[in-house]
Amino acid sequence: MRAAALAIATTLLVGCIAEEDKNKITNEQGVTVSDPTLALNGLWDGQFDQAGSLRVLIYNGNVYALDESRGYYGTALLNNDNRTATLALTSYALSQNDTAAKQYVADGLNQDYSLNGLLYTVETSPQLVGDFENATATGSFVLTDDGIWPNNSALSLLAGKWTATGYEFYVEPLSSKASFKGISTDSSGCTFEGDITLLDKNDALYAVTLRERKNCPAFNETNASGYAVVNSDSELEVYLRKDTDLLFMTFTAPVSSTPVETTTDPATDPTTTP
């Protein structure tokens, strides 16, 4: 009887551990995160010390971020007991800062940032507000969820020629992934190619694998990876990383090839026969 009871208890314990483990994810940095941290998943806009513009992607505890002078990569964790989020980021100075093309490479001098903020909701819009510190400064930050995370994703939505000043980005959806090819429109010969796959059709985010990028002003890498998202302006934002090098790109949506139906007033249309 005692052996049977022990066996049942052991089975229940293993079942509980297995059930608990299903809610945990090991992210890119080898950090184990659970359900509370997943509440941070999304695209965030904000500022350090109420100045500048900071764009932040958080996905399963991984963080990519960009402002006017630096790119950031690191981890985020959420303590559900007090709704406090902790972000540990390493920033890199921008070595390419092409604001016209919206292409940014961060691979310069590094500096660590520590952010500690409260997650709360204002009129259904999640916000993170708190303080930061690095080796040379301390201050405050505010991040606001831009609300696009719940948008559905589909590879078909990416089809076509996306553009940026000096660049074209072609996406061809296939059965289980989309292939892309990027080229420069000048004589530099910059090209890059890879694949885009779905993560969850109910979320806005896609996974990106960059096979090769060459002859470009910076970030000439192979086997980089990251994410892409269609933002609220219908632009495609791409976040890529290879070791400590970061690449951020933004492209304008393809021009729709669907004819636009117009309504003509017979009274004012000279081609209309009474």
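Things to note:
- Our note on the geometry: Cα centres of the range 177-211 and the range 68-131, 23 Å apart.
- Considering all C-alpha pairs of the range 117-197, those separated by over 21 Å amount to 59%.
- Solvent accessible area, Å² - E68, 1.4 Å probe, full protein context: 100 Å²
- All lysines inside 30 Å of K214 as judged from Cα atoms, apart from same-chain residues fewer than 8 positions distant: K102, K161, K177, K181, K242
- The range 30-80 pair-distance distribution - Cα-Cα, 5 Å bins, rounded %: 5, 21, 27, 21, 15, 8, 2
- Ligands, DNA and RNA are left out, and with a 1.4 angstrom probe the accessible area of the range 44-125 is 44 Å² per residue.
The values are calculated or read from the model by the stated rules, or taken from the named source; none is laboratory data. Quantities reported herein were computed from a predicted structural model and do not represent experimental measurements. Keep in mind that these areas ignore ligands, DNA and RNA; they rest on the heavy atoms of the full protein, side chains included. Shrake-Rupley method; radii C 1.70, N 1.55, O 1.52, S 1.80 Å.
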